[in-house]
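Notes for the one structure printed next.
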Amino acid sequence: MGKKDASATRLPVDHYRKQIGKQDYKKTKSVLKATRLKAEAKKNSSGFRDAFLVIAAILFFVLCVYAFFYLNLSTEINLDVDVD
């Protein structure tokens, strides 16, 4: 296979990347900047969401443990009262 034959075959991925690159050049700088800022804002906000989910999970676990012990102790107290 010669050099000319090897360069003639092009992967579909390379062709797709070339098309995407051409489309980016057609956009104005303000549109590209807005897109970049939007992506950065999305990336930065995920930290707060993750922290909130962890705190919510811990609180839910504590609430479940509290409810379990409350229900177990309240049934034992009711049995002692009914003995009269």
Requested in this report: Could you grab me the full set of residues in the stretch 6-22 that are in a helix (DSSP H, G or I) and either modelled with pLDDT of 70 or more or in contact with a Ser or Thr (Cβ under 9 Å, 6 or more places away or on another chain) (or both)?
Outcome: 12, 13, 14, 15, 16, 17, 18, 19, 20, 21, 22
Report task. Could you tell me which of the residues 70, 25 is modelled with pLDDT of 80 or more and open to solvent by 100 Å² or more (accessible area, probe 1.4 Å)? Result -> 70
Query raised in the report: Mind checking which pairs have a first residue in the stretch 27-56 that is part of a loop (DSSP other than H, G, I, E, B) and a second that is open to solvent by less than 100 Å² (accessible area, probe 1.4 Å) and among the polar types (S, T, N, Q), Cβ under 6 Å, 6 or more apart or different chains?
Result: none
Report task. Of the conditions (1) open to solvent by 100 Å² or more (accessible area, probe 1.4 Å); (2) at pLDDT 80 or above, residue 48 clears all except one; give me its number. Result -> (2)
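The values are calculated or read from the model by the stated rules, or taken from the named source; none is laboratory data. From a predicted model like this one, the values you see are computed outputs, not experimental measurements. A quick note on method: Cβ atoms are made from the backbone with ideal geometry, for glycine too, and the neighbour counts reach across all protein chains shown. Note: accessible area is taken over every heavy atom of the protein model, side chains too, but ligands, DNA and RNA are not part of it. Shrake-Rupley method; radii C 1.70, N 1.55, O 1.52, S 1.80 Å.
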